[in-house]
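Chemist: Attaching a single structure in structure tokens format; questions to follow.
The values are calculated or read from the model by the stated rules, or taken from the named source; none is laboratory data. Values in this document were obtained by computation on a predicted structure and should not be read as measured data. All Cβ positions, even for glycine, are placed from backbone atoms using ideal geometry, and neighbour counts span all protein chains on display.
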Amino acid sequence: MNTFEEIIQFAIESEYKAAAFYQHMLTLNQAAGMRSFFERLVKQEMGHAAKLKNISKHQVSRSDKTDQPDPGLSMADYLVVSVDDESNLSYQDAVILAMKKEKAAVQLYQDLMNKTTDPELKALFAFIMEEEKGHQAAFEDEYDKRIQSDN
């Protein structure tokens with residue numbers, strides 16, 4: 001169990017890690033369309049982190065019991081088993097890992113949205129969740145078009 005504040009901090013760290021991962025994916029695929037896609041993802045993930053960092057303590061504390069562990073929030077629910085060295089992933093493995101990371105991110109923001117009573121936080125989490133759903137769908141499409149069809 002984690003507190004709401006701990007999960008927010010985890011989400012910020014996860015967004016930074018996602019941006020770094022997509023920056024690395026730029027080196028795995030040189031196709032022009034995918035390059036711009038990964039560049040856009042890096043910017044969006046960094047934007048998510050910035051928005052999350054701007055959540056005020058007042059917003060969180062007035063709507064949630066942030067100092068108490070919440071049985072419905074556990075970082076373990078949003079972790080994706082990764083490899084020790086993501087720099088050695090094949091493009092196929094990187095796309096599969098990205099799909100899993102985005103799926104976990106969607107669940108994280110869905111849960112955060114459901115846990116808060118603050119309308120501004122609900123709107124923020126809904127916005128980020130929808131962007132993460134778009135990322136997940138894009139990776140699923142990439143897998144279907146370029147990877148599954150090659151196998």
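Chemist: Does at least one position in the stretch 45-63 carry a residue that is at pLDDT 85 or above, crowded, with 19+ Cβ neighbours inside 10 Å, over 19 Å from D111 (Cβ atoms) and in contact with a Phe, Trp or Tyr (Cβ under 7 Å, 6 or more places away or on another chain)?
Modeler: The answer is no, given that none of the residues of the stretch 45-63 is at pLDDT 85 or above, crowded, with 19+ Cβ neighbours inside 10 Å, over 19 Å from D111 (Cβ atoms) and in contact with a Phe, Trp or Tyr (Cβ under 7 Å, 6 or more places away or on another chain).
Chemist: Specify the residue that is farthest from E6 (Cα to Cα); the eligible residues are those in the stretch 106-142 that are buried (at least 16 other Cβ atoms within 10 Å of the Cβ) and polar (S, T, N, Q).
Modeler: Q136
Chemist: Let me ask another. Of all residues in the stretch 130-149, which are closer than 23 Å to A49 by Cβ and touching a residue at least 24 places away in the same chain (Cβ under 8 Å)?
Modeler: E131, E132, K133, H135, Q136, A138, F139
Chemist: Residue check: is M99 at pLDDT below 85 and not small (G, A, S)?
Modeler: Against the criterion (at pLDDT below 85 and not small (G, A, S)), M99 does not qualify.
Chemist: Step by step: first the residues of the stretch 90-125, then only those that are β-branched (V, I, T) and outside any helix (DSSP H, G or I), then the one that is nearest to F139 (Cα to Cα). Which residue is that?
Modeler: T116
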